[in-house]
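A short worksheet on the structure shown next.
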Amino acid sequence: MHKPFFFRLLFLFFSIVAVAQAPKKPTASEIYHDLQKLNFVGSALYIAAHPDDENTRLISYLVNDVHANTVYLSITRGDGGQNLVGPELRELLGVIRTQELLEARKIDGGYQFFTRANDFGYSKNPEETFEFWTKNEVLGDVVMTIRKFRPDIIVNRFDHRSPGSTHGHHTASAMLSLEAFDMADDASKFPKSAAEYGVWKPQRLFFNTSWWFYGSQEKFEKADKSQMVSVETGNYFPTLGLSNGEIASLSRSMHKSQGFGSTGSRGTETEYLELLKGSKPSDNNLFEGINTNWSRLEGGKEIGAILNPLEENFNFKNPSEMLPQLLKAYHLVSNLKDTHWRKIKLEQLKQLILDCGGIFIEAVSEANLVNPNENFKVNVEAVNRGKAEVVLKSLKNSEGKVLWSASEKLPFNEKKNIEIPVSAGNNNPPYSSPYWLNEKGSVGMYTAPEALIGLPETPTLEQLTFEMQFGNATIPFTKDIIYKFNDPVKGEVYRPLDVLPEVTASIPEKVLIFANDEAETVSVIVRAGKDSISGTISLQHPEGWQVAPSQQTFQLDRNGETKTFNFTVTPPSGQSEGFLKPIVNAEGRIFDRELVTIDYEHIPYQSVLLPSEAKVAKIDIQKKGQNIGYINGAGDAIPESLKQIGYSVTTIDPSNISAENLQNFDAIVVGIRAYNTVPELTFAQPALNKYVENGGTLIVQYNTSRGLVTENLAPYELKLSRDRVTDEFSEVKILAPENPVLNTPNKITQTDFEGWVQERGLYFPDEWAKEFTPILGMRDKGEKMTKGSLLVAKYEKGYYIYTGLSFFRELPAGVPGAYRLFANMLSIGK
């Protein structure tokens with residue numbers, strides 16, 4: 001790893017970088033708020049399992065009320081969740097949820113970090129969780145975070161003593177925290193991070209409890225609270241115009257993919273924290289007895305003597321009057337012996353110097369993406385909107401090379417523009433893509449370069465350092481090189497400058513199902529990442545499959561240009577599975593990645609590089625019927641999957657559901673969580689029932705019992721529960737072997753339940769009318785059998801089917817048995 005890149009990692013750890021967002025231009029009140037944080041020398045670490053687990057109200061309290069440096073350590077990136085904003089699942093959903101957390105932290109002011117644990121899906125207990133997570137590696141990541149961040153207090157969101165009462169990941173996160181608390185100050189435990197960061201002993205460990213963990217408010221009021229501390233988190237901040245509750249709701253509402261939009265709360269609110277380890281505070285101050293003043297640090301007393309009076313006598317009309325004192329403090333902070341706090345406080349102080357000085361600096365690339373080692377132009381803007389004398393001495397690139405050194409004074413409010421050539425560095429990692437996806441991991445763990453473990457995202461690869469002189473002080477300010485453009489509707493739009501490969505290739509269809517022996521055309525899209533690139537494209541294939549031609553040549557003239565190349569793929573005669581992988585040979589190198597972009601309003605634009613491949617499966621499958629109507633729910637790829645096996649699929653507008661509009665469909669499928677997310681279904685069930693009554697087949701996929709738009713999901717009584725089977729390998733018992741859904745047109749056997757991914761299913765009904773026939777029985781280890789995963793009922797001339805089986809995961813993953821069973825469901829009664 002290049003040395004300057006390592007320093008940028010440290011910078012990323014101790015600063016919140018507004019990647020792809022408009023630069024922060026704080027008001028005087030916000031500057032005052034930042035000064036309060038500068039004068040607090042203490043840290044808190046909040047630990048939970050997933051994005052959206054964190055208590056944003058308590059995090060806001062710690063940041064904005066206490067002014068502590070506060071980190072949320074999410075053990076996973078939430079890859080196993082569902083997606084309410086788009087079709088992305090698994091790794092791509094993890095990218096979205098990572099960015100949602102970063103946006104949440106920009107609102108409440110905390111920092112964000114992760115471990116290498118992969119959210120493999122719902123887990124019923126920590127024992128099951130640790131079967132997939134490599135516990136020692138995840139524990140080592142938690143210990144490293146404690147040593148790196150040095151929190152005075154740690155707060156767990158979940159109770160380590162209640163396995164089986166909540167998601168296994170939840171309990172596991174608390175258990176890991178408890179172990180790490182004792183290990184972090186033992187150099188013999190995880191010696192690598194001890195050698196790099198030193199050991200650390202937090203003072204207190206809390207469990208952020210509430211009535212919810214006790215089952216009711218009444219039970220909580222009766223509970224023993226002798227080991228609890230309560231804090232008031234409903235405070236209002238006139239300088240911000242918001243209360244903690246309002247800040248927390250804005251932060252929580254960034255979890256849009258999970259539907260966590262939240263309304264702000266005002267008025268008094270109490271949070272309870274149960275002491276697990278350390279000394280209990282004598283009052284409700286979580287940091288009671290811990291020195292959080294500048295005097296905590298050797299040489300800090302002199303710094304406090306400068307900075308504390310600035311807070312006490314803050315001039316809201318003219319914060320710039322603080323600048324001379326801030327510059328004086330900068331010299332002292334730069335010489336602190338405590339390297340940990342020196343890094344943190346220098347970054348906070350430098351930002352205050354810029355803000356109080358009214359200085360705006362920015363580096364904008366003319367291109368939105370570059371290749372490693374490519375030369376590109378950057379437009380630098382520097383404006384001194386304050387009255388202090390400021391000289392822009394030099395500009396340096398990411399590796400410390402001086403690119404400009406004219407030492408020009410920045411006159412009051414006169415914009416200085418400089419165009420400079422920059423050469424993209426040969427970094428490690430070489431590309432801007434999420435670093436944890438660069439190498440293939442396991443079901444439960446991601447693989448990451450050692451120096452990047454824990455970081456929320458890949459550090460910006462291209463930066464400029466502005467060396468600026470204030471009197472006798474020369475201060476370096478490092479800024480990401482960004483890209484921006486003007487949108488006619490949105491105005492100024494910021495995006496990251498991405499470093500990406502010279503060429504990428506992709507197969508648009510990620511699962512290709514061959515239902516017979518006939519050859520099919522497979523398209524490969526080749527995309528240029530630079531001007532004028534040529535080479536060859538071939539298609540790596542499983543043994544027994546045939547691909548023609550074996551190789552094709554391409555020539556792309558412009559960056560961003562794409563061309564499609566068609567290959568004829570012939571399956572073997574028997575059932576077979578494998579992967580097709582596009583291989584590009586260009587400029588003497590092999591390229592085997594595809595570029596996926598994620599573009600949502602609430603998070604920065606994301607460029608994700610993934611291994612370029614598509615699953616192919618030759619399946620012995622028969623089907624009846626042809627025209628399928630699909631009512632979209634919370635987002636899944638089942639319509640595309642059904643088209644793969646020859647069905648014609650039409651999306652049904654929920655507002656136009658009527659018996660007349662449905663009569664020409666052979667079957668209608670309702671998407672996942674549709675009865676939770678589609679308000680029109682409140683009134684549509686009579687028309688759907690009429691469709692079944694007249695001979696149609698209606699398949700309803702899983703919903704959650706909370707937040708249903710109607711309780712009448714079926715023509716007969718049906719009650720949803722939270723029953724689920726998370727073990728995708730669990731034995732499936734066939735309860736109704738003669739039922740047509742298991743026999744026509746495909747004979748379903750135990751073999752069809754092999755190779756399932758992530759889970760069997762979720763939110764099964766646990767009560768139903770006698771007209772329903774339960775088809776399958778299944779259970780997780782140590783639990784009783786559930787029978788509600790697939791229910792079939794004859795209703796007049798047609799069939800109603802309710803299923804909690806996770807077809808929304810299995811079909812996009814190309815699981816043969818799932819396709820065969822779904823085809824039977826669509827074919828029933830035909």
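Worth pointing out:
- Shape index of region 503-618: Rg/Rh, with Rg the Cα radius of gyration and Rh the Kirkwood radius from the inverse mean 1/r over Cα pairs, equals 1.02.
- Scanning residues 5 or more positions from Gly234 or on other chains, those with amide H under 5 Å from its amide H are Glu269, with H placed 1.01 Å from N in the peptide plane.
- Prolate/oblate/rounded label for region 656-752 (Cα gyration tensor, a/c 1.5): oblate
- Orientation-averaged projection of region 294-385 equals 8.5 nm² [convex hull of Cα atoms, one quarter of hull surface area].
- Summary of the geometry: region 177-251 and region 593-611, compared by the centres of their Cα atoms, lie 33 Å apart.
- For region 258-309, the direction-averaged projected area of the alpha-carbon convex hull comes to 7.8 nm².
- Here is the P(r) of region 284-338: all C-alpha pair distances, binned every 10 Å from 0, give 21, 44, 28, 7 in whole percents.
- Spatial offset of region 287-317 relative to region 517-572 amounts to 64 Å, using the alpha carbon center of each.
- A straight line joining the Cα centroids of region 421-487 and region 70-86 runs 22 Å.
- Each of Val649, Val370, Val741 was scored by other Cβ atoms within 10 Å of its Cβ. Listed from fewest to most, they are Val649, Val741, Val370.
- On the beta carbon distance between Gln540 and Asn313, with R0 = 56 Å, the FRET formula returns roughly 0.20.
- Each helix, a run of at least 4 DSSP H residues, gives -39500 (n - 2.57); summed and divided by the residues of the chain, these come to -6500 deg cm²/dmol at 222 nm.
- Length released on extending from Thr239 to Ala473, taking residue separation times 0.36 nm less the Cα-Cα span: 81.2 nm
- A convex hull fitted to the Cα coordinates of region 627-827 yields 105 cubic angstrom per residue.
- Chymotrypsin sites (Phe, Trp or Tyr not before Pro), loop per DSSP, at most 14 other Cβ atoms within 10 Å - longest free stretch of the chain: 317-682
- Distance (nanometres) between label positions extended 7 Å along Cα→Cβ at Lys830 and Lys440: 3.5 nm
Computed from the coordinates by the stated procedures, all read-outs in this text should not be read as laboratory data. Remember, predicted model here, so these are calculated numbers, not experimental data. We place every Cβ from the backbone using ideal geometry, glycine too, and count neighbours over all the protein chains shown.
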